Amino acid sequence: MMKNVEGRKSDWGLKAGVMQGNKKRHKVGSSTSLVSAVTISPLPSERDNDLQSLPFRVEFEDPSTADVVIHLLQQQQTGSLAAVEQDSGYDSEDPSNPAADTVEVGALYVHSQVLAQCRYFAALLSERWLENGQKSGDQESKKEKPIHISLCVGVERLQESYVTTIRLLYSKDFAGVITNVCTALSILPIAAELLYDDCISACVRFLEAVPWTKEEERQIVQLVPCLQLKESSELLSRLIPPKENAVEDMLNGLVYTATHSHQNGAKVKAFVSRLLSGHASRDTVRLVLEKAFGNSLRTVKDSVEEYASPNVRGRHDEIEALQRQNLHAAVVNGRHLLWIVERMIELRVADLAVMEWSQQGAFTANLKRAFGDDTCSNIAPGLPAIVLRSTCGLASAVAAGSVVASRQVRLKLVKDWLPVLVVSRESASSANQNKQLHLELEDVFLRIILTLPMADAQKLLQQCLSFATRNVEDCPHLVTAFNIWFKRASQLTTMAQGSTEPEQG
């Protein structure tokens with residue numbers, strides 16, 4: 001009797017049985033697949049796949065020369081195709097009597113020498129699988145008594161895909177047949193089951209080289225890992241990033257390009273902003289923006305420090321050139337920083353930025369010196385507005401509750417940045433250019449001050465007297481803040497007096 005063709009378990013459900021003459025085929029293990037890792041012995045020389053050595057020309061579907069008949073069977077009920085029993089399958093004595101739960105949907109007349117190009121068929125047709133009594137048969141005997149193989153067509157597959165795959169064994173016209181993704185996807189799993197290496201390579205090479213639609217990509221994601229092919233790595237490299245933090249690296253690069261792009265800067269920033277806002281992982285976006293914020297803030301701080309506290313000696317023109325360079329760097333990187341701050345506020349990931357901004361005592365001291373210097377006003381008149389806009393954005397997020405900051409952070413934020421606002425207001429050029437910005441930041445600071453304990457609010461409100469104008473109606477935010485503080489102080493006195501009054505019986 002013939003021995004079983006052993007393979008590993010798989011869901012593809014392709015099965016085969018072989019018989020010669022009027023003898024029944026031996027049962028192929030029903031729980032095994034033909035996508036096998038077994039060691040396959042080479043075919044004898046008479047089954048060499050060099051078709052040119054044959055004494056006659058072989059053609060697909062030529063019954064006159066075919067020595068193998070492939071019966072395509074299809075299961076009639078849903079379920080595991082691997083459960084089809086070959087014992088009750090095709091019988092040479094009654095070809096019209098397939099298995100009870102299968103039906104024959106086609107028969108292909110082919111040649112064993114052609115089929116030998118598939119490692120599966122090579123193993124199945126090898127002389128070592130045939131009965132000992134049949135090994136000595138001559139070629140004429142084999143022609144008269146062809147070998148019968150039955151293939152079970154998967155429920156979700158088309159009969160035409162099997163026919164096309166086997167036809168390719170004859171034509172080798174991979175480029176002419178595999179012309180679209182749909183065809184490649186229909187052929188690839190069948191070629192994998194038959195261990196048809198040339199066809200597998202052609203399908204994978206085509207899929208790797210062409211674009212995919214969304215649905216095609218979904219099918220590829222489901223199919224390729226299941227095939228367990230060595231060629232799968234070429235397709236999976238298109239679907240799987242090379243490292244775990246590839247998304248973070250991509251977003252880091254996009255943010256850097258957006259902030260440092262000199263051409264079409266506004267369009268690039270708008271596109272990257274949309275990508276960030278639509279990204280699924282808010283934590284990843286937070287990490288990316290926090291990193292960019294830290295880098296930009298460090299650059300601005302260093303540039304302002306180099307200007308405010310120069311540690312160089314030389315001619316006046318050399319020192320002035322260096323100052324211009326530092327101020328220019330502060331302005332350029334300040335714009336980058338402002339864009340990042342706006343994105344962090346928009347996406348509600350500005351918690352760390354607020355904390356960092358409240359710990360900039362040295363930076364604010366250098367800014368006060370720079371803003372009070374006429375040279376800075378002449379060389380970089382836009383620097384105060386850039387810095388104060390970032391401050392106003394972060395402070396507004398705190399005042400609105402978008403960022404829940406601790407009392408210490410709120411106190412330091414106002415305490416360190418309020419003097420910078422005061423100096424900017426006192427600068428003639430900045431006061432004229434940034435009047436609306438100053439008013440907005442004044443109002444935000446006053447609202448934050450009123451969230452602090454009474455003692456802290458008392459000290460900070462006294463520093464806000466510079467917000468006052470000759471006409472009280474021009475500074476209603478300042479008047480309101482002082483009125484609220486005095487009202488609270490009066491309530492405290494009333495509450496204290498009420499607690500000391502004796503109870504009336």
note = Picked from the range 370-411 (must be among the basic types (Lys, Arg) and surrounded by 16 or more Cβ atoms within 10 Å (Cβ to Cβ)), the residue nearest to Glu442 (Cα to Cα) is Arg389
query = Which residues, counting only those in the range 459-481, are more than 14 Å from Val422 (Cβ to Cβ), in contact with a Lys or Arg (Cβ under 9 Å, 6 or more places away or on another chain) and either open to solvent by less than 60 Å² (accessible area, probe 1.4 Å) or in contact (Cβ under 8 Å) with a residue 40 or more places away in the chain (or both)?
reply = His477, Ala481
inquiry  = I'm told Asp456 meets every condition in (1) farther than 30 Å from Asn326 by Cβ; (2) under 43 Å from the mean Cα position of the chain (by Cα); (3) open to solvent by 10 Å² or more (accessible area, probe 1.4 Å) except one. Can you identify the failing condition by its number?
reply    = (2)
task = Report yes if some residue within the range 326-342 is assigned to a loop (DSSP other than H, G, I, E, B) and open to solvent by 60 Å² or more (accessible area, probe 1.4 Å); otherwise report no.
result = no
Qualifying positions in the range 351-377 - more than 41 Å from the chain's Cα centre (by Cα) and of a type outside the set (A, V, I, L, M) = Asn366, Lys368, Arg369, Phe371, Gly372, Asp373, Asp374, Thr375, Cys376, Ser377
ask   = If you go through the range 237-251 one residue at a time, do you hit one that is part of a loop (DSSP other than H, G, I, E, B) and surrounded by 14 or more Cβ atoms within 10 Å (Cβ to Cβ)?
value = no
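Is it true that Gln222 is under 26 Å from Leu124 (Cβ atoms), open to solvent by 70 Å² or more (accessible area, probe 1.4 Å) and not charged (D, E, K, R)?
Values: under 26 Å from Leu124 (Cβ atoms): no; open to solvent by 70 Å² or more (accessible area, probe 1.4 Å): yes; not charged (D, E, K, R): yes.
Spelling it out, it is not the case that Gln222 is under 26 Å from Leu124 (Cβ atoms), open to solvent by 70 Å² or more (accessible area, probe 1.4 Å) and not charged (D, E, K, R).
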Positions within the range 352-394 being in a loop (DSSP other than H, G, I, E, B), over 12 Å from Ala330 (Cβ atoms) and of a type in the set (Gly, Ala, Ser), in sequence order = Ser358, Gly372
query = Does the range 281-298 contain any residue that is under 20 Å from Val354 (Cα atoms), open to solvent by 30 Å² or more (accessible area, probe 1.4 Å) and more than 27 Å from the chain's Cα centre (by Cα)?
reply = yes
query = Give me the pairs: first residue in the range 328-339 and closer than 18 Å to Val354 by Cα, second residue buried (at least 23 other Cβ atoms within 10 Å of the Cβ) and among the basic types (Lys, Arg), beta-carbon distance under 8 Å, and six or more apart or on different chains, which are they?
reply = none
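Out of all the residues in the range 257-273, which are assigned to a helix (DSSP H, G or I), of a type in the set (S, T, N, Q) and either exposed (fewer than 12 other Cβ atoms within 10 Å of the Cβ) or touching a residue at least 40 places away in the same chain (Cβ under 8 Å) (or both)?
Narrowing the range 257-273 to residues assigned to a helix (DSSP H, G or I): 257-260, 265-273.
Still in the running and of a type in the set (S, T, N, Q): 257, 259, 273.
Matches in the range 257-273: Thr259, Ser273.
The values are calculated or read from the model by the stated rules, or taken from the named source; none is laboratory data. Everything quoted here is computed from the prediction, not taken from an experiment. When we count neighbours, we look across all protein chains shown, and the Cβ atoms used for this are built from the backbone with ideal geometry, even at glycine. Keep in mind that these areas ignore ligands, DNA and RNA; they rest on the heavy atoms of the full protein, side chains included. Shrake-Rupley method; radii C 1.70, N 1.55, O 1.52, S 1.80 Å.
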